[in-house]
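Structure first, commentary second.
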Amino acid sequence: MSTELPQGVDQQDSRLEVDDETQCQMSSPVELLVKTPFPCAPFRVTAPAQPVAAAVGQDVVLPCRLAPEQSARAMEVTWFRGHFSPFVHRYKAGTDQHVEQMAQYQGRTELLRDGLDNGRVDLKIFGIRLSDEGNYTCFVHADSDYEEAVLELKVTAAGSAPLISLQSYESGGIRVSCRGSGWYPRPQVQWTDNQGQLLPPASQNVARDENGLFEAESAVVLSRAANQRLSCSIRDTLRHHEKRSAFSVADPFFQNAHPWKIALSLVSVSVVALSIATIFLFKIKGKHEKKIALQAEALSNRDAEIEEQAAELAWRRYTAPIEEANVILDPDTAHCDLVLTDDCKSVTRKDVPQNLPDIPARFMPWRCVLGREGFTSGRYYWEVEVEDGGGWTVGVSREDVRRKGDIEFKPEEGIWAVGKWAGQFQALTSPQRTFFSEIRSPKRIRVSLDYEEGRVAFFSVDEKTPVFTFPLVPFNGIRIFPWVWLGPGTKLKMCP
């Protein structure tokens, strides 16, 4: 087996640590080549469901263990982020591997050997940086069995203590500011009086500096009638760090808080004279402004109508191909862990292998299934409804797509698909996947195929909006089939 897990290879049955009855949880939309296909491994890999927090500059241990408890010394353990290679850390054949390690982790990671005999494959990262924040996958491979779990690392930084300063006289009071820098994640600034009551800020600003840390500033206007003893606190949103400063303002500071009264008395006469002159001018100006406002409103309404019509035309263009395909799934191609309904319109991943012959057409070890009918011409669309579960991918594949052995889920291997894995909705593009951070993962997705043009496109039926279109590709007469992959516990339904 290759030492590198290709992008798009299923790292099946990732589990989060919830309870002993939890079976397969989140899985990547890819499958790993194994010497002898084995549908479910005799061990589980578990990690904390809650994020692990660590401060910048400190060391952190990412916990991961096998269940039931067993020795992991002879196993291959890989910690990675997003893609299997380059990795964060790899332990194989009793030694650490560094050839394909990510540059940012070189010399900063260690697999804790003390717990290997008890099934613990914890990873220690030294000198935490902001760039270390995110999801980590703990992948364990033994013989023909492999399992994984995903955990999240949150990075924090306790910045400077609040610096309080008097800025200026404002609105009959004194403007007081509170500043702090070097915080992460985004901090919160709060003002309180000596009784612990929160005071509303007059202004507040939080921004990132060149190092990615946050600087925060907040100000209040303190009046003489108010209680003049205040405190300012800064804390991160995870509430791991908090720092506070207090101060009080003496009465003499308020004696000069009203210089504006003198200035007001000097200009009041001028203001009255000017106001009389301007009233007449504003009456004339108002007539013209009203006419201009009506014209601007009409143009704005027209622009909005044009945009709405354009959006509707785009939706109809992409979601109304010539023919609606009635997709029936082919049981002869379905992995033995996939259970099809009698009408072959729905499929559920059970992770309980059925006694099915391992014929050449059947996918193994990937949990995939094709449609029964393929296409060599025309324009078609069909919809897939996600009824339950976590990871899934839907799309199309060439008839000659590999069913056994090593494969990557990408166009170069004959697969065009989008899906959800580890909570992220994405398109399986190459060499890197395309993530849709601003698109909510749809419950019903439409697949559109234009064979002659070589176009494969996807649309969210929930939002009635296009999601992604792959670059055009010639199919050269090769038959194209509907294709799906299911993560643990997932159920998909072909519509109509």
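The values are calculated or read from the model by the stated rules, or taken from the named source; none is laboratory data. Owing to the predicted nature of the structure, the values given are computational and were not obtained by experimental measurement. Reconstructed Cβ throughout: ideal geometry from the backbone, glycine too, with neighbour counts over all protein chains shown. To get the accessible areas, we keep the full protein, side chains included, count just its heavy atoms, and leave off ligands, DNA and RNA. Shrake-Rupley method; radii C 1.70, N 1.55, O 1.52, S 1.80 Å.
Relative contact order (percent) for segment 53-211, with alpha-carbon contacts under 8 angstrom and 6 or more residues of separation?
22 percent
Whenever you get a sec, compute what percent of the accessible area on segment 454-496 sits on carbon and sulfur atoms (1.4 Å probe).
Whole-percent figure for carbon plus sulfur exposure: 55.
How much net charge surrounds Leu130 when only other residues with a Cβ under 13 Å from its Cβ are counted (Lys, Arg +1; Asp, Glu -1)?
Here the count lands on -1.
Taking H placed 1.01 Å from N in the peptide plane, check which residues at least 5 places from Arg175 or on another chain put their amide H under 5 Å from its amide H.
So Arg175 has HN proximity to Gln167, Ser168, Tyr169, Glu170, Leu222.
Give me a comma-separated list of calculated 3J(HN,Hα) values for segment 184-189, in order, Karplus coefficients 6.51, -1.76, 1.60 applied at θ = phi - 60°, integers in Hz, x for any Gly or Pro.
Computed from phi, the couplings for segment 184-189 are 6, x, 3, x, 10, 10 Hz.
Which distance in nm do the two modelled labels at Ala93 and Gln195 give, with both placed 7 Å along the Cα-to-Cβ direction?
7.4 nm
For segment 377-408 and segment 68-116, what is the centre-to-centre distance using only Cα atoms, to the nearest Å?
Between the Cα centre of segment 377-408 and that of segment 68-116, the gap is 32 Å.
Could you sort 409-418, 83-92, 67-76 so that the peptide with the highest average Cβ count within 10 Å comes first and the rest follow in order?
Taking the mean over residues of other Cβ atoms within 10 Å, the ranking is 409-418, 83-92, 67-76.
Could you check the simple spin-label distance between Ala361 and Arg73, using points 7 Å along Cα→Cβ, in nm with one decimal?
Calculated label separation equals 4.9 nm.
Quick one: which residues, 5 or more positions from Ala55 or on another chain, have an amide H under 5 Å from its amide H? H modelled 1.01 Å from N in the peptide plane, none for Pro or chain starts.
Amide H to amide H, under 5 Å and 5 or more residues apart or across chains, Ala55 pairs with Thr156.
At R0 = 60 Å, how high is the FRET efficiency between Asn476 and Glu210 if r is their beta carbon distance? Nearest 0.05 is fine.
The pair Asn476/Glu210 has a calculated efficiency of 0.70.
Check which residues have an amide H placed less than 5 Å from Phe425's amide H, if you skip close sequence neighbours.
Residues meeting the criterion, in which the H sits 1.01 Å from N, are Phe436.
Towards the positive end of the charge dipole of segment 133-183, with charges on Cβ (+1 Lys, Arg; -1 Asp, Glu), say which of Thr156, Ile174, Thr137 has the farthest Cα.
About the Cα centre, the residue reaching furthest to the positive side is Ile174.
What figure, in Å² to the nearest 10, do you get for the accessible area of Arg44 with a 1.4 Å probe and non-protein molecules left out?
Spelled out: Arg44, probe radius 1.4 Å, area about 40 Å².
Which distance in Å, rounded to a whole number, links the C-alpha centroids of segment 190-216 and segment 118-171?
24 Å
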